[in-house]
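Here is the structure we will look at, set down as structure tokens.
The values are calculated or read from the model by the stated rules, or taken from the named source; none is laboratory data. These figures come from a predicted structure and were not determined experimentally. Glycine also receives a Cβ, built like all others from the backbone with ideal geometry; neighbour counts cover every protein chain displayed.
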Amino acid sequence: MIYHIASKDHWAYRSRDGALFAAYKEGNPLWIVTGDDVKEGGASESLSSLARECMEINLPFKTVAAERPVGRRFAMEFGDAVCQEESLTAYYCPEPVRFKRRGVLIRPDRADAATIAGFIEGFNREVLDVTREGETNSQTAAVFIRSGNLYCWYDKRITAMCWVAGRYGDMAKLNYIYVPEQFRNRGYAKAMASEVCSALLGKNALPVLYTGSDITRTNNLYGSLGFLPAGKIEMLRISNPNNILRTAGV
């Protein structure tokens, strides 16, 4: 059985035995997190029940994110044609590295919007290799600030940024960890990550993040912040979810 929790733009599912958890936020992939028994081929009924639930409520996701081979097993239940968009490496932080650095962790407000927009532009360009219009970055900055989940390190000015993109069960996903070039190699990222992760763990939320970058480089980078590699995540696009069409009687 799958327990279903819904709000305006967020859906969450958890199997009765706790072996499977799934979450979807409008415009994002459907994330599926499972225990080892599911990864090893067990608990097929949990995946089937999740697929049926998604069909019944016509959950409008286009991409599934899950560890191998869970994502493909779910996709086979849900639709016919599957293609891989990318592969990510998952990291989690059970114990942050304590790091002392001058400054303090803050939550920026509207007065900081221009600075945050500049940080977002830098992250998009340097990490995602995309260029977006200034107005788009300003709109994203406003969303991040209003969410109350954007954290920055402040040392006479904002020097680093980290966004808690969402909480899924007992995990909190970190994104947009960014330090502009002029502030790098000063320990700002370590100090910020230590404070953010400690705060999340204090709320019983395990900090996690995902990256598609070079594995050696990211292992060294995130390892210095207290993160440990947790496996590979596949991003799978279901290009022909014809089971939904059949359910709808098309």
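The strands (runs of 3 or more DSSP E) located wholly in segment 107-221 include none with 1 or more residues which are assigned by TED's automatic domain parsing to the domain that holds Phe21 and touching a strand residue (DSSP E or B) at 6+ places or on another chain (Cβ under 8 Å). Considering Arg110, Arg184, Arg125, the condition of being of a type in the set (Lys, Arg) and touching a residue at least 12 places away in the same chain (Cβ under 8 Å) is satisfied by Arg110 alone. If you go through segment 133-154 and pick out every residue that is crowded, with 16+ Cβ neighbours inside 10 Å and either out of contact with any Pro (no Cβ under 7 Å at 6 or more places or on another chain) or modelled with pLDDT under 95 (or both), you end up with 9. Being modelled with pLDDT under 90 and within 21 Å of Val196 (Cβ to Cβ) is true for just one of Phe61, Phe99. Which residue is that? On inspection, the qualifying residue turns out to be Phe99. Taken as a whole, the condition of being modelled with pLDDT under 80 and among the acidic types (Asp, Glu) does not apply to Glu56. Given (1) in contact with a helix residue (DSSP H, G or I) (Cβ under 7 Å, 6 or more places away or on another chain); (2) of a type in the set (A, V, I, L, M, F, W, C); (3) within 21 Å of Thr89 (Cα to Cα), where does Ile158 come up short, assuming only one miss? For Ile158, the exception is condition (3). Cβ separations smaller than 9 Å between residues 6+ apart or across chains give no pair from segment 62-73 residues that are not assigned by TED's automatic domain parsing to the domain that holds Arg237 to residues that are of a type in the set (S, T, N, Q) and assigned to a strand (DSSP E or B).
Which of the residues spanning segment 134-155 are among the charged types (D, E, K, R) and in contact (Cβ under 8 Å) with a residue 40 or more places away in the chain? Across segment 134-155, the qualifying residue is only Asp155.
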